[in-house]
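Colleague: Please see the structure below; I have some questions.
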Amino acid sequence: MSDEMRLFNTLTGRVEPFAPERPPEVRMYVCGPTVYNRAHLGNFRTFVATDVLRRALEFRGHSVCEVMNLTDVEDRIIRFAADASTDLEGYTRKWIDAFHADMAMLRMERPEHFPKATDHIGEMIDLISRLIERGHTYTADGSVYFRISTQPSYGQLSRLDVSGIRAGARVDTDRYDKEDARDFVLWKLKADEPSWAQWDAPFGKGRPGWHIECSAMAMKYLGETFDLHCGGVDLVFPHHENEIAQSEGGTGHPFVRTWVHVEHLLVEGETMSKSKGNFFTIPDLVDKGHRPDAIRYLLASVHYRKQLNFTFEGLAHATAALERIHSLVRRLDEASGDGPVGEADAACGQALSRFGAALGDDLNVSEALAAVHGLVGEANALMATNRISRAGAERVRQTLASMDSVFAVFFPEDRSALTPDEQALFDERQAARVGRDFVRADSARARLDALGIVLEDTPKGTRWRRRG
Ligand SMILES: [Zn+2]
């Protein structure tokens, strides 16, 4: 597509042309989940929005190399793993599996790289060593801190008056011997932590802080300067501000060219919390009888810079909107009219160009969906008056398929076959059973179950059915 994509860049505070450094490839990083529990609806508001962004870039002719990290070492994980008498891997494995299952249910494209923090301790140690060499750090009680006063540009992303955060003020929940409240930990030593949560480093035993993991893994897979960094709006300060400080402090180069932040999700107008009874995971909603494709549609249908108020009324509207599209898709096969292909052709061409222009306009999803529903309305009218031929209907189907490469919900699920991901899990379980690896077999079964696939082992082999 010749016209440029425009995005709101938090760094400049403006909607501006988005142009990757090495077109057509876009190198993109998304701050992923902390894997100590099941990710909730608010988390998936961000992840579905960034999935729509990556698909919109692909729709507009880019290739995407996306990295999403998994934070598998931090205070809560260490505590929960110790309470469960296991270690980091033992505790986080099921939550990583659950995250993948939820991603599949919400039809998210898989990022090209899914690095775990604990697999990249060496990269983090290297980056901290560079920061030590370049004079950006100090050590207190065995922990290494980044000294913010060495990075005069600190605060450029959040535009906070960080000078107002005085030494001694508390800006995070960790207590350390910091010289300045803004300083943050790169490498933590907590003497009372289990040995499986500590690593040797030239500057002493310990474990990485949260911020350093994103910088180290992003630069490993995407280079010292890359195109696009995304996350929830709550990460702007301090997490992303700290990522910039330590990355640019370590390399001397700009870290990220465009920062995209996704607004919060509310449920029925209120902040989601367990105490209010409005806290939901994706399986919670599916268990209540809601369809994953409708959940995705609702999450994808609000502009990423607007708060998304998730309501059950809204979910019912989303389900009805999808049903209207699915109903047309099912009936397109029956088209047998004798109208000229030109009528359907013109409607498709107009809808597609409106759709592409809307996505290019800072990801205007409402306008893009209006183009989809406009086309569905026109096709319905042609069907109703028997003016659409088989060729015209095929053209409508292809146009919807092209638009669906972004939204991934317009076609009714083929319930007669397993998806490739489901088939892979099914095959993995069969292989594990043959090899008498029942732990692996049970894990594959549990992952299929989370996807709504129920297995039944019979004398004639394993059968599956889709729940609901
Ligand atoms: Zn991050």
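Colleague: Quickly run through region 234-246 and pick out the residues that are of a type outside the set (Phe, Trp, Tyr) and crowded, with 16+ Cβ neighbours inside 10 Å.
Modeller: Selection gives LEU235, VAL236, PRO238, HIS239, HIS240, GLU241, ASN242, GLU243, ILE244, ALA245, GLN246.
Colleague: Would it be correct to say that GLU66 is in contact (Cβ under 8 Å) with a residue 40 or more places away in the chain, among the acidic types (Asp, Glu) and more than 23 Å from VAL365 (Cα to Cα)?
Modeller: No: the conditions fail for GLU66.
Colleague: Please state which one of PRO292, PRO254 is away from the ligand (no atom under 15 Å from the Cβ) and closer than 30 Å to PHE310 by Cβ.
Modeller: The match here is PRO292.
Colleague: Looking for something polar (S, T, N, Q) and either part of a strand (DSSP E or B) or surrounded by fewer than 20 Cβ atoms within 10 Å (Cβ to Cβ) (or both) - is there at least one such residue anywhere in region 247-257?
Modeller: Scanning region 247-257, I find at least one residue that is polar (S, T, N, Q) and either part of a strand (DSSP E or B) or surrounded by fewer than 20 Cβ atoms within 10 Å (Cβ to Cβ) (or both), so the answer is yes.
Colleague: Also, I was wondering about something else. Identify, by number, the condition in (1) farther than 19 Å from ALA39 by Cβ; (2) within 16 Å of the ligand (Cβ to nearest atom) that VAL262 doesn't meet.
Modeller: Of the numbered conditions (1) farther than 19 Å from ALA39 by Cβ; (2) within 16 Å of the ligand (Cβ to nearest atom), the odd one out for VAL262 is (1).
Colleague: Considering ARG390, ARG445, ARG433, which residue is more than 23 Å from ARG55 (Cβ to Cβ), out of contact with any helix residue (DSSP H, G or I) (no Cβ under 7 Å at 6 or more places or on another chain), free of Cβ contacts under 8 Å to residues at least 60 places away in the same chain and not β-branched (Val, Ile, Thr)?
Modeller: Exactly one residue qualifies, and that residue is ARG390.
Colleague: Here are ASP293, ASP333: which of them is out of contact with any His (no Cβ under 7 Å at 6 or more places or on another chain) and modelled with pLDDT under 95?
Modeller: ASP333
Colleague: Moving on. I need the full set of residues from region 98-116 which are of a type in the set (D, E, K, R) and closer than 18 Å to ALA49 by Cα, in order please.
Modeller: Result: ASP102, ARG107, GLU109, ARG110, GLU112.
Colleague: Which residue pairs have Cβ atoms under 6 Å apart, sit 6 or more places apart or on different chains, and have a first residue in region 22-50 that is of a type in the set (A, V, I, L, M, F, W, C) and a second that is within 12 Å of the ligand (Cβ to nearest atom) and part of a loop (DSSP other than H, G, I, E, B)?
Modeller: ALA39/PRO33
Colleague: Then there's this: Can you name every residue in region 294-324 that is surrounded by 20 or more Cβ atoms within 10 Å (Cβ to Cβ), aromatic (Phe, Trp, Tyr) and either more than 18 Å from PHE410 (Cβ to Cβ) or without any contact (Cβ under 8 Å) to a residue 60 or more places away in the chain (or both)?
Modeller: Once the filter is applied, which keeps residues that are surrounded by 20 or more Cβ atoms within 10 Å (Cβ to Cβ), aromatic (Phe, Trp, Tyr) and either more than 18 Å from PHE410 (Cβ to Cβ) or without any contact (Cβ under 8 Å) to a residue 60 or more places away in the chain (or both), region 294-324 yields TYR304, PHE310.
Colleague: Can you report the number of residues in region 271-293 which are hydrophobic (A, V, I, L, M, F, W, C) and surrounded by fewer than 17 Cβ atoms within 10 Å (Cβ to Cβ)?
Modeller: Matching residues across region 271-293 total 1.
Colleague: Can you tell me which residue within region 445-458, out of those that are more than 23 Å from the chain's Cα centre (by Cα) and not hydroxyl-bearing (Ser, Thr, Tyr), is modelled with the highest pLDDT?
Modeller: ARG445
Colleague: Also: Is it true that SER2 is under 30 Å from LEU400 (Cβ atoms), of a type in the set (Gly, Ala, Ser) and either at pLDDT 95 or above or touching a helix residue (DSSP H, G or I) at 6+ places or on another chain (Cβ under 8 Å) (or both)?
Modeller: Here the answer is no, as SER2 does not meet what is asked.
Colleague: Checking CYS230 against (1) within 14 Å of the ligand (Cβ to nearest atom); (2) surrounded by fewer than 21 Cβ atoms within 10 Å (Cβ to Cβ): exactly one of these is not met. Which one?
Modeller: That leaves (2) as the condition not met.
Colleague: Among the residues of region 224-240, how many are acidic (Asp, Glu) and farther than 22 Å from GLN307 by Cβ?
Modeller: Adding up the residues that qualify gives 2.
Colleague: Only one of (1) out of contact with any Lys or Arg (no Cβ under 8 Å at 6 or more places or on another chain); (2) free of Cβ contacts under 8 Å to residues at least 40 places away in the same chain; (3) not basic (Lys, Arg) fails for GLU270. Which number is that?
Modeller: Every condition holds for GLU270 apart from (1).
Colleague: Same structure, new question: Is it the case that ALA391 is modelled with pLDDT under 95 and either out of contact with any strand residue (DSSP E or B) (no Cβ under 8 Å at 6 or more places or on another chain) or surrounded by 18 or more Cβ atoms within 10 Å (Cβ to Cβ) (or both)?
Modeller: Spelling it out, ALA391 is indeed modelled with pLDDT under 95 and either out of contact with any strand residue (DSSP E or B) (no Cβ under 8 Å at 6 or more places or on another chain) or surrounded by 18 or more Cβ atoms within 10 Å (Cβ to Cβ) (or both).
The values are calculated or read from the model by the stated rules, or taken from the named source; none is laboratory data. Note that the structure is a prediction, hence the values are computed from the model and not measured. Here the Cβ is made from the backbone with ideal geometry for all residues, glycine too, and neighbour counts use every protein chain on show.
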